[in-house]
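Read the structure below first, then the notes.
The values are calculated or read from the model by the stated rules, or taken from the named source; none is laboratory data. As the structure is a prediction and not an experimental result, all values here were calculated from the model. Here Cβ is always computed from backbone atoms with ideal geometry, including for glycine, and neighbour counts include all displayed protein chains.
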Amino acid sequence: MLRTMITLAAMLSWAVKRGIAKSNPAKGVPKLKTERQERFLSTEEFAEPFKALREVEADGSVSPTHGMIIRLLAVTGARKSEIMKLQWSELDFERHASVLPESRSKTGAKRVPLPPLRSASTLHAVGLQKGWERVRTRAKLDDVRLHDLRHSFASMAVASGESVYVVQRVLGHKNITTTQRYAHLRDDPLLQMVGRVAGAIEAAKPKKAKR
């Protein structure tokens, strides 16, 4: 339906330009906003980009710098700009984190937990999108955007039972409601928790004396 409306509007605009129609009745009508469905990698799928990275780095189709950036995006949930412009001066090796100034983060000063890094004088590189496209094609994940790695990190963290408030701090969300969109993914961990509590309560009940 939406695609038909867009096509009709384009046809009317084309007719006006060529003098076939005097006016376009669709002009001025606000366009319907469409939101792209966020893509979350499953636990099984999450292994595929890492496997693909090893292969494309080995054959030289993706540079080691691009490979490092993609890995860091996947395991930290950080934004692309926060990783690509990472500098030595922003690293806190004792706490395994980067401390980003207000000017470097979309939501102000931020601390990003990091895995051990061998080098990070700068990770800035051009052509990262093309590198990612090679990785996702090799991994057979053509519908996954680079930014979806951030969503996937958050969804896996919450689904694993991590506090939404902890995930909020890691992602750097100013508003908890932004992070709470991942809360529905905690259904299974919540059920497991209820089961554990129910088991503990049952075990604490007084035992009936045997007659």
If you go through the range 22-51, how many residues are out of contact with any Leu (no Cβ under 9 Å at 6 or more places or on another chain) and modelled with pLDDT under 65? 7
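Tell me, please, whether a residue that is over 20 Å from ALA154 (Cβ atoms), small (Gly, Ala, Ser) and at pLDDT below 85 can be found in the range 52-63.
No, the range 52-63 contains no residue that is over 20 Å from ALA154 (Cβ atoms), small (Gly, Ala, Ser) and at pLDDT below 85.
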Check on TYR165, at pLDDT below 85, of a type outside the set (Gly, Ala, Ser) and outside any loop (DSSP other than H, G, I, E, B): no
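Just to be sure, is ARG104 under 21 Å from the mean Cα position of the chain (by Cα) and at pLDDT 80 or above?
Answer is no for this residue.
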